[in-house]
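The values are calculated or read from the model by the stated rules, or taken from the named source; none is laboratory data. In this text, all values refer to a predicted model and were calculated from it rather than measured experimentally. Reconstructed Cβ throughout: ideal geometry from the backbone, glycine too, with neighbour counts over all protein chains shown.
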């Protein structure tokens with residue numbers, strides 16, 4: 001293929017690697033990828049700690065909406081993959097409720113069941129101006145206050161009345177009143193909802209292996225430890241912290257959109273102001289490695305209660321035995337916890353590991369005596385974790401992305417595009433692929449719109 005346009009990719013996470021993989025697969029030569037870290041994967045990277053435990057940057061699982069991404073994963077992992085049926089739960093007071101909570105109300109005490117059903121029966125149509133309105137309008141007061149409002153605040157660290165409802169789609173299971181009542185009376189479990197009810201996971205290397213292996217197969221046009229500092233859009237030059245620079249005709253950026261705008265020389269004030277309207281949360285990923293076999297088939301558990309600091313617990317040893325030292329799940333278990341924070345939800349980093357361990361014991365995940373069997377205590381700070389779909393997001397994205405596209409900058413990915421609803425690994429990878437297709441063939445993008 002004629003390679004007259006110089007394409008520079010900033011970021012070696014799923015989006016950047018999707019773009020690089022596509023360019024390489026069609027034989028395009030004139031491109032280069034820069035990654036600021038010493039490994040690939042971005043928010044989908046994996047760390048091995050000093051004790052031999054592997055930790056992902058959050059509870060990632062691999063499931064896909066796209067054949068192209070599936071073929072990529074099959075190509076890089078081959079048979080080195082485990083297939084799992086999802087087993088996820090909600091820890092509600094002292095009960096274990098199968099996920100989704102709203103479909104399995106029979107596990108609640110009778111008083112809470114009644115409140116949830118009465119809330120559904122009392123639903124009235126009303127104008128929906130926020131995510132909070134949507135929650136109350138779809139689930140009623142009972143489910144909203146027992147689960148949806150407290151849990152979503154723990155995840156997003158943002159009040160639901162500041163969030164829009166235009167991102168939801170397949171992200172939240174809605175409810176059928178007759179079905180909810182039937183499940184209570186007939187004591188039926190309702191477990192199959194969602195695109196991730198079956199998922200895969202690499203046998204070796206954690207989630208990051210999907211992307212490290214991909215870049216190894218490409219094997220060229222890539223540079224690690226290169227941190228972007230400045231962009232001259234008029235001259236189409238990018239500058240890095242080590243003093244080097246590169247020119248481009250088209251730039252694919254996957255760094256956080258608000259950070260990107262601040263790096264552009266002489267960016268218009270109105271664009272800078274719009275970028276300041278974008279909101280994100282942050283997350284501490286906490287890894288607890290224990291020299292003990294924890295007997296459970298659970299994959300992950302959601303925690304809506306205030307007295308538990310983490311919103312999700314992942315039994316990471318159940319994804320792959322190689323996530324623990326020596327692959328020995330007879331001796332070791334790994335628990336991965338996620339705690340969000342923001343200006344609305346303050347967390348003391350110096351105490352959060354101890355607080356999480358106490359909550360694990362209080363929720364009977366581990367026993368009091370198991371605290372002495374903990375061999376690894378890790379904390380990884382993700383300053384950018386979830387791009388929050390606020391009420392102002394769409395207006396800000398429209399202005400910012402138009403300016404960037406007018407200057408041949410394609411800002412895509414979980415934080416490059418700032419759309420959580422298309423921010424999974426498969427979505428992000430395919431945003432990179434589709435950016436290349438738009439640049440080289442002028443094809444419309446189907447995943448990312450603004």
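Structure summary
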read-out: Members of region 64-87 found to be farther than 24 Å from residue 327 by Cβ, in contact (Cβ under 8 Å) with a residue 12 or more places away in the chain and either loosely packed, with under 14 Cβ neighbours inside 10 Å or touching a strand residue (DSSP E or B) at 6+ places or on another chain (Cβ under 6 Å) (or both), listed by number; value: 75
read-out: Residue under evaluation residue 378, criteria (1) surrounded by 17 or more Cβ atoms within 10 Å (Cβ to Cβ); (2) out of contact with any strand residue (DSSP E or B) (no Cβ under 7 Å at 6 or more places or on another chain); (3) in contact (Cβ under 8 Å) with a residue 24 or more places away in the chain, criterion not met; value: (2)
read-out: Set 200, 253: member being farther than 30 Å from residue 144 by Cα, at pLDDT below 95 and buried (at least 18 other Cβ atoms within 10 Å of the Cβ); value: 200
read-out: Boolean, residue 388 is out of contact with any strand residue (DSSP E or B) (no Cβ under 6 Å at 6 or more places or on another chain), in contact (Cβ under 8 Å) with a residue 60 or more places away in the chain and closer than 29 Å to residue 56 by Cα; value: no
read-out: Output for region 7-63, where each listed residue is more than 16 Å from the chain's Cα centre (by Cα), crowded, with 22+ Cβ neighbours inside 10 Å and at positive phi; value: 11
read-out: Every residue from region 395-450 that is assigned to a loop (DSSP other than H, G, I, E, B) and over 22 Å from residue 385 (Cβ atoms); value: 407, 408, 442, 443, 444, 445, 446, 449
read-out: Test for residue 363: is it surrounded by fewer than 20 Cβ atoms within 10 Å (Cβ to Cβ) and outside the structural domain of residue 51 (by TED's automatic domain parsing); value: no
read-out: Unique match (being at pLDDT below 95, touching a strand residue (DSSP E or B) at 6+ places or on another chain (Cβ under 8 Å) and not in a strand (DSSP E or B)) among 12, 58; value: 58
read-out: Within region 214-244, tally of residues that are touching a strand residue (DSSP E or B) at 6+ places or on another chain (Cβ under 9 Å), part of a helix (DSSP H, G or I) and surrounded by 20 or more Cβ atoms within 10 Å (Cβ to Cβ); value: 1
read-out: Any hit, region 17-24, residues being assigned to a strand (DSSP E or B) and assigned by TED's automatic domain parsing to the domain that holds residue 407; value: no
read-out: Failed condition for residue 175, given (1) in contact with a helix residue (DSSP H, G or I) (Cβ under 9 Å, 6 or more places away or on another chain); (2) in a helix (DSSP H, G or I); (3) surrounded by 17 or more Cβ atoms within 10 Å (Cβ to Cβ); value: (2)
read-out: Residue, surrounded by the most Cβ atoms within 10 Å (Cβ to Cβ), within region 387-429, restricted to residues that are within 30 Å of residue 324 (Cβ to Cβ) and touching a helix residue (DSSP H, G or I) at 6+ places or on another chain (Cβ under 6 Å); value: 429
